[in-house]
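The values are calculated or read from the model by the stated rules, or taken from the named source; none is laboratory data. A quick note: this is a predicted structure, and the numbers were derived from the prediction, not measured. Neighbour counts are summed over all protein chains in view; Cβ atoms, including those assigned to glycine, are modelled from backbone coordinates with ideal geometry.
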C-alpha cells in the first residue's frame, strides 16, 4: 500500500508483524484520545477518525493466532466502549489499567457490548476515594471551566476549558490533594488523576502480554501516561508517540491521521487485502 510514513517505521512494522507465530500472537494496543480520536474540548464527543475505525476493523479481523487488538485508556471502561466503537473481540483496558473487559455480542442480533471483568474496592480504598472526590470537587469549585470526572477507582480534575493560569493553579492544588491523602497521582494533558489503586498503562500492558503469551507488543500513545507503557516495552516491541513532547517511544508521528496510517500499514502486514477472514473472528 502507498504510505507517507517514514520508511524506517514501515520496515519496523513489517518486522514486528513477522514475529507473530501460532500460539504467540502480536498484541496490538493503542491509546484512544489524541491517537485514534482527535483531542477536543468535549470528551463525550470523541470518536475515532474514519480511517482509524477502518484500520481497527481490519486488525480485529486477523486470526487470534496472529494478533489481538486492545485499546488502553484513562477513560472508564464504559466510556471507552461506548465512544470507541471498537469491533468485536477488542480487549479494553480502562482507568489506566484498573478496569478490564472485552467487546462482545450481547444480544441475539449481535449488538456489541462490553463484558466487564469483576472489579471492587476494599472498604479502606472506598473511603479514600470519597476523600479524593471531595478534595477535587473543592479544587474545581470557583474555577470556571474546571470539572471533576468520577471513575470506579479514581477522580480526575479536568482543566482544558479553564484559563491557562487558573488551570495551572487548579492542577497544582489537585496534585497536592492526592499527595496529602497518600493516593496515586498522575498528571496528563490538562488533567490530574488521583487514584486509590496503583495502576498504570505499563502495568496493564505487561499483564496483558503475559495473559496472551504475546510474541511482541505494538503500542501507540500521545500523553504523559503513555510514557509508562513505552518505558516497560523492550527492543523487540514497537512504540509510537503521536504528537510533540519528550518520549521514550522509538518512533513519532504528528497526528491522529498519521496514527491511522500506522494502523493501516500494520493491518496490511497482518491481513493483506484479499486474504484471511473477511470480518471479525471469534476470540473465544
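At-a-glance table
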item: In segment 152-184, the residues that are part of a loop (DSSP other than H, G, I, E, B), under 18 Å from residue 42 (Cβ atoms) and within 22 Å of the chain's Cα centre (by Cα); result: 159, 160
item: Segment 241-250: number of residues that are buried (at least 19 other Cβ atoms within 10 Å of the Cβ), in contact with a helix residue (DSSP H, G or I) (Cβ under 6 Å, 6 or more places away or on another chain) and farther than 14 Å from residue 189 by Cα; result: 1
item: Segment 206-228 - residue that is within 10 Å of the chain's Cα centre (by Cα) and in a helix (DSSP H, G or I) and, of those, farthest from residue 18 (Cα to Cα); result: 225
item: Residue match in segment 135-144 (condition: surrounded by 17 or more Cβ atoms within 10 Å (Cβ to Cβ) and within 22 Å of residue 39 (Cα to Cα)); result: yes
item: Qualifying residue in segment 68-86 (condition: without any contact (Cβ under 8 Å) to a residue 40 or more places away in the chain, within 23 Å of residue 216 (Cα to Cα), assigned by TED's automatic domain parsing to the domain that holds residue 227 and surrounded by 19 or more Cβ atoms within 10 Å (Cβ to Cβ)); result: yes
item: Selected residue [farther than 17 Å from residue 76 by Cβ and touching a residue at least 12 places away in the same chain (Cβ under 8 Å)] from 175, 158; result: 175
item: Condition met for residue 178 (at pLDDT 95 or above, surrounded by 22 or more Cβ atoms within 10 Å (Cβ to Cβ) and farther than 28 Å from residue 258 by Cβ); result: yes
item: Test: residue in segment 50-58 that is assigned to a loop (DSSP other than H, G, I, E, B) and in contact (Cβ under 8 Å) with a residue 12 or more places away in the chain; result: no
item: In segment 104-130, the residues that are buried (at least 17 other Cβ atoms within 10 Å of the Cβ) and not in a strand (DSSP E or B); result: 128, 129
item: Residue in segment 106-122 that is outside the structural domain of residue 165 (by TED's automatic domain parsing) and closer than 22 Å to residue 260 by Cα present; result: no
item: Enumeration of residues in segment 100-113 that are modelled with pLDDT under 85 and under 22 Å from the mean Cα position of the chain (by Cα); result: 105, 112, 113
item: Among residues of segment 13-48, those that are more than 17 Å from residue 79 (Cα to Cα), touching a strand residue (DSSP E or B) at 6+ places or on another chain (Cβ under 9 Å) and not in a strand (DSSP E or B), counted; result: 7
item: Matching residues, segment 188-205, being touching a strand residue (DSSP E or B) at 6+ places or on another chain (Cβ under 8 Å), in a strand (DSSP E or B) and within 16 Å of residue 226 (Cα to Cα); result: 191, 192, 193
item: One residue from 36, 59, 26, 16 being assigned by TED's automatic domain parsing to the domain that holds residue 97 and surrounded by fewer than 23 Cβ atoms within 10 Å (Cβ to Cβ); result: 16
